[in-house]
Amino acid sequence: MDGVDLAIVGGGVIGALIAREAVAAFPGATVAVLERGLIGQGASSRSAGVHFPRGATERVRSMSEHSQRVWERLAAELGLPIRALDATVVAAGDADALSTTYLRLGDETAPADPARGWSAPPGARAWQLDGCHYADVRAVAGRVLAGLRDQVTVLEGTEVTGLSSDGEHHRLSLGQGRELLARRVVLAPGPWLAHPAWAELVAPLGLRVKKVVAAHLESSPAPDDPLTIFHDEDAFLLPLHERGHYLFSYTCDRWDVAPDDVDLVLEQSDLEDARAVLGRFAPGLVARCTSGRVFCDAYSPRREPVVAELRPGLVFAGAANGSGYRLAPAIAAETVAALDLTPTGPISQPLQRQS
Ligand SMILES: Cc1cc2nc3c(=O)[nH]c(=O)nc-3n(C[C@H](O)[C@H](O)[C@H](O)COP(=O)(O)OP(=O)(O)OC[C@H]3O[C@@H](n4cnc5c(N)ncnc54)[C@H](O)[C@@H]3O)c2cc1C
């Protein structure tokens, strides 16, 4: 049977960043990423990929700061598809109230931008926000793992169908009838919380899966168009320059969906909900809100990412509440800090690579 020091289940952006963090912290360890499809094809492939430096709690603010530093460094080192952009926060509150949530709130600015088709609701004000970017998240996950291929075995098309432990080692059953022995396992399954291999282990965490929708607007962004965050509505308007259109993210309130559910598509009611929120700021753009992207993400009761040991040597990482791209580096750092991967001998054999 093949053996590794660390098996990471799930090749989304969080699994990819954990692999990177693990080989950096434990250079001699053998690491495998097991992905049932292709790298980045889960929630990561639908992500808007926005990073803004904010957090509702001290832990998330600190994770946001850490992640921003890592993304900026990796963007330069690996040439990741990450694009910095100006941003504006629109809110009814004052700067003091907002600066407890936003880490880099700048000067107050005009609360309307008629040239770009939107205006703030009466009484709202606007501030610049530094440090924002957006990314092609699927490509980022792929690029991070591409740079690790000499240290990390990546098995795509490989579903983990079973997981058991003898107290010292973990035995993973793989889709093709193979088995893998691992000293440590990280579960990074995105919204696939209910997989029979781990549903019972994950259940005590109280996680739920929520539908996430972002509408697409048929409106071409200019190169310097900013990201606009409508703070009170938890919505944002993002120029997607490479794709040639805008994206409008708003909060969809449909819970307990399943990632493999065929009904997880853009419904007429999704477009109506998006148009209703958008219409408050940009009535002129509502008619251009014609399509969108739909998937789901895992959410935690405290609305903070979860890094939790489910049994000795088996750690769950995820449930980033719709912020799994922007917080992935910090989630990875917390996860690897929870693992002891000091190589101990026989199991540290390189896994047979797929040809
Ligand atoms: C429409 C939308 C917009 C979003 N916008 C943003 C945004 O602007 N900013 C932001 O920070 N976040 C955003 N998010 C959230 C973000 O995309 C997710 O939090 C993040 O991608 C989660 O990453 P992950 O690696 O945990 O999960 P995933 O990317 O879902 O990866 C999990 C992987 O596990 C694999 N897997 C599952 N079961 C098995 C198994 N049994 N065996 C092997 N592999 C398995 C899956 O195939 C999948 O590839 C958005 C999400 C959506 C849906």
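The values are calculated or read from the model by the stated rules, or taken from the named source; none is laboratory data. Remember, predicted model here, so these are calculated numbers, not experimental data. A quick note on method: Cβ atoms are made from the backbone with ideal geometry, for glycine too, and the neighbour counts reach across all protein chains shown.
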**Message:** For the condition more than 17 Å from ALA330 (Cα to Cα) and more than 9 Å from the ligand (Cβ to nearest atom), what is the one hit in GLY55, GLY37, GLY42, GLY28?
**Reply:** GLY28
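If you take the residues in segment 258-297 that are among the β-branched types (Val, Ile, Thr) and touching a residue at least 60 places away in the same chain (Cβ under 8 Å), which one is surrounded by the most Cβ atoms within 10 Å (Cβ to Cβ)? Give the steps one after another, and end with the answer.
Of all residues in segment 258-297, those among the β-branched types (Val, Ile, Thr) come to 262, 265, 277, 286, 290, 294.
Restricting the remaining residues to those that are touching a residue at least 60 places away in the same chain (Cβ under 8 Å) gives 290, 294.
Values: THR290: 12, VAL294: 19.
Step by step, filter segment 258-297, then rank; the result is VAL294.
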**Request:** Determine whether segment 169-187 contains at least one residue that is at pLDDT 95 or above and closer than 16 Å to ILE39 by Cβ.
**Result:** yes
**Message:** Can you tell me which residue is farthest from LEU201 (Cα to Cα) among those in segment 160-181 that are loosely packed, with under 12 Cβ neighbours inside 10 Å and of a type in the set (Asp, Glu)?
**Reply:** GLU168
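VAL262 - would you say it is assigned to a strand (DSSP E or B) and either more than 17 Å from SER47 (Cα to Cα) or not polar (S, T, N, Q) (or both)?
Values: assigned to a strand (DSSP E or B): no; either more than 17 Å from SER47 (Cα to Cα) or not polar (S, T, N, Q) (or both): yes.
So VAL262 does not fit the description; no.
For ARG303, are the conditions met, namely being surrounded by fewer than 19 Cβ atoms within 10 Å (Cβ to Cβ), outside any strand (DSSP E or B) and modelled with pLDDT of 95 or more? Walk me through it before giving the result.
Values: surrounded by fewer than 19 Cβ atoms within 10 Å (Cβ to Cβ): yes; outside any strand (DSSP E or B): yes; modelled with pLDDT of 95 or more: yes.
It is true that ARG303 is surrounded by fewer than 19 Cβ atoms within 10 Å (Cβ to Cβ), outside any strand (DSSP E or B) and modelled with pLDDT of 95 or more.
Quick one: in segment 306-331, which of the residues that are within 9 Å of the ligand (Cβ to nearest atom) and of a type outside the set (A, V, I, L, M, F, W, C) is surrounded by the most Cβ atoms within 10 Å (Cβ to Cβ)? Please lay out each step first, then the result.
First pass over segment 306-331, keeping only residues within 9 Å of the ligand (Cβ to nearest atom): 317-328, 331.
Subset that is of a type outside the set (A, V, I, L, M, F, W, C): 318, 321-326.
Values: GLY318: 33, ASN321: 21, GLY322: 20, SER323: 23, GLY324: 27, TYR325: 26, ARG326: 29.
It comes out as GLY318.
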**Asked** Hey, does segment 65-88 have a residue that's under 16 Å from HIS231 (Cβ atoms) and in contact with an Asp or Glu (Cβ under 7 Å, 6 or more places away or on another chain)?
**Response** no
**Item:** Among residues of segment 107-133, those that are under 26 Å from the mean Cα position of the chain (by Cα) and either at pLDDT below 90 or small (Gly, Ala, Ser) (or both), counted
**Value:** 1
**Message:** Give me the strands (runs of 3 or more DSSP E) completely within segment 1-95, filtered to those with at least 3 residues that are under 30 Å from THR342 (Cβ atoms) and touching a Leu at 6+ places or on another chain (Cβ under 8 Å), ordered by residue number.
**Reply:** 2-9, 31-34
**Asked** From the list GLU200, GLU242, which one is closer than 20 Å to ALA298 by Cα and among the charged types (D, E, K, R)?
**Response** GLU200
**Prompt:** In segment 182-209, how many residues are more than 19 Å from the chain's Cα centre (by Cα), surrounded by fewer than 20 Cβ atoms within 10 Å (Cβ to Cβ) and basic (Lys, Arg)?
**Reply:** 0
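For segment 134-200, which strands (runs of 3 or more DSSP E) that fit wholly inside it have 1 or more residues that are touching a Phe, Trp or Tyr at 6+ places or on another chain (Cβ under 8 Å)? So that I can check it myself, show each step before the final result.
Details: elements: 152-155, 160-165, 170-174, 179-187.
Hits in segment 134-200: 160-165, 179-187.
Going by the conditions given, is LEU247 within 30 Å of ASP340 (Cβ to Cβ) and either in the same structural domain as GLY157 (by TED's automatic domain parsing) or part of a strand (DSSP E or B) (or both)? Can you show your working first?
Working: within 30 Å of ASP340 (Cβ to Cβ): no; either in the same structural domain as GLY157 (by TED's automatic domain parsing) or part of a strand (DSSP E or B) (or both): yes.
In short, no.
Looking for whichever is surrounded by 20 or more Cβ atoms within 10 Å (Cβ to Cβ), under 18 Å from the mean Cα position of the chain (by Cα), among the hydrophobic types (A, V, I, L, M, F, W, C) and near the ligand (Cβ under 10 Å from one of its atoms) here; the options are VAL212, VAL144. Which one fits?
Within the list VAL212, VAL144, the selection yields VAL212.
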